[in-house]
Ligand code: AMP
């Protein structure tokens, strides 16, 4: 796979597939612009080489063909302009491959940036439609993929479009290269002890990653909703906590494999329980062996936090994916926030998988303390599962 530095781009029109799918609050303000910041290096590199730059991204999930304002990339363009500190305006096309986009692309001058509207306004994007990919490709000379967070999906701007370019005319952007190299390097040659901290709602979503990690790590810490399937598999009463009964055998198999491989496997020893999935009901903390009937575990308790801190104390490499509890409700956020602090305090290499976990690290004020916070949730999980990403395959094709 070529990196941007490996190909000749001077004076060319360059398409950069970015991941501008950033979170916003209820008023439409961008709450975390790391994904936009992440794209700056590739954009600046192209502008410094007298390129005309066309940027494209999806944003959430609009109904194709319906141009609703809330799905527009307008707010992203404003933030991008501030961050790039360009003298000229950044143009936002009114469409993706329509008359406006084509006219604005044709009028683009050296050193200017054009952003196409939300790729998912076009039905062809998620269908990996070749005709749509050809329309996109017709506007540019060079294809760059810098959208790590979207690389696990074989969509038109990620897969079909990349395949239309010869190897010398396509490359991975700096963010994509950095993300992939980081996971690659860490997983293939970790400094030990290597600890995986895995949480989140379901075992099913992380089972394959867990299986793969057991071959590589020295210790596993499990938290979040998925811990209850493991606790139940060990014979504990878990009340009304989240559980995947069809995975109890799988959970046992994972724990047996851990034991056989000498991987230390840690589950929460206490939990915060409540009678309902709500933050306006009384809650209490109990040991994992004493979850009352009818109550559900919504966060790890203080003893688990202390135990996990000890487990992490000698770690040289930590990979963290998934919150320890329902961190969206303040009452059940403590376990996740403290886990974030404990990981951030480590002197080893710390890697935070994207999505919710990055959000926890951000809320905890720990992002700067982590070695690497990935911009892609699904994509980073796929790398942990040992899978190749469609976006990377298309760049190599
Ligand atoms: P995931 O997308 O699998 O990483 O899961 C993240 C979600 O797991 C977050 O929205 C959390 O609220 C949720 N979660 C974490 N712990 C629990 C729990 N004990 N019960 C229910 N949901 C949980």
Qualifying residue in segment 316-324 (condition: within 17 Å of residue 238 (Cβ to Cβ), at pLDDT 95 or above and in the same structural domain as residue 264 (by TED's automatic domain parsing)): yes
Segment 17-45 residues that are within 14 Å of residue 367 (Cβ to Cβ), paired with ones that are surrounded by fewer than 16 Cβ atoms within 10 Å (Cβ to Cβ) and modelled with pLDDT of 95 or more (beta carbon under 8 Å, 6 or more apart): 33/83; 37/83
For residue 235: the one exception among (1) away from the ligand (no atom under 16 Å from the Cβ); (2) within 18 Å of residue 199 (Cα to Cα): (2)
Any hit, segment 139-146, residues being closer than 23 Å to residue 3 by Cβ, at pLDDT 95 or above and assigned to a helix (DSSP H, G or I): no
Qualifying residue in segment 293-301 (condition: more than 30 Å from residue 148 (Cα to Cα) and more than 12 Å from the ligand (Cβ to nearest atom)): yes
Near pairs, Cβ below 6 angstrom, 6+ apart or cross-chain, from segment 275-287 (loosely packed, with under 12 Cβ neighbours inside 10 Å) to any residue that is assigned to a strand (DSSP E or B): 281/274
Output for segment 322-336, where each listed residue is within 6 Å of the ligand (Cβ to nearest atom) and surrounded by fewer than 21 Cβ atoms within 10 Å (Cβ to Cβ): 328
Selection from segment 168-206 of residues that are within 16 Å of the ligand (Cβ to nearest atom), buried (at least 19 other Cβ atoms within 10 Å of the Cβ) and in a helix (DSSP H, G or I): 203, 206
Residue 380 over 24 Å from residue 146 (Cα atoms) and touching a strand residue (DSSP E or B) at 6+ places or on another chain (Cβ under 8 Å): no
Residue match in segment 212-219 (condition: within 16 Å of the ligand (Cβ to nearest atom) and either in contact with a strand residue (DSSP E or B) (Cβ under 9 Å, 6 or more places away or on another chain) or in contact (Cβ under 8 Å) with a residue 12 or more places away in the chain (or both)): yes
Residues (out of contact with any helix residue (DSSP H, G or I) (no Cβ under 7 Å at 6 or more places or on another chain) and away from the ligand (no atom under 11 Å from the Cβ)) located in segment 256-284: 256, 259, 260, 262, 264, 275, 276, 278, 280, 281, 282, 284
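The values are calculated or read from the model by the stated rules, or taken from the named source; none is laboratory data. Quantities reported herein were computed from a predicted structural model and do not represent experimental measurements. Methodologically, a virtual Cβ is constructed for each residue, glycine included, from the backbone with ideal geometry; neighbour enumeration extends over all protein chains shown.
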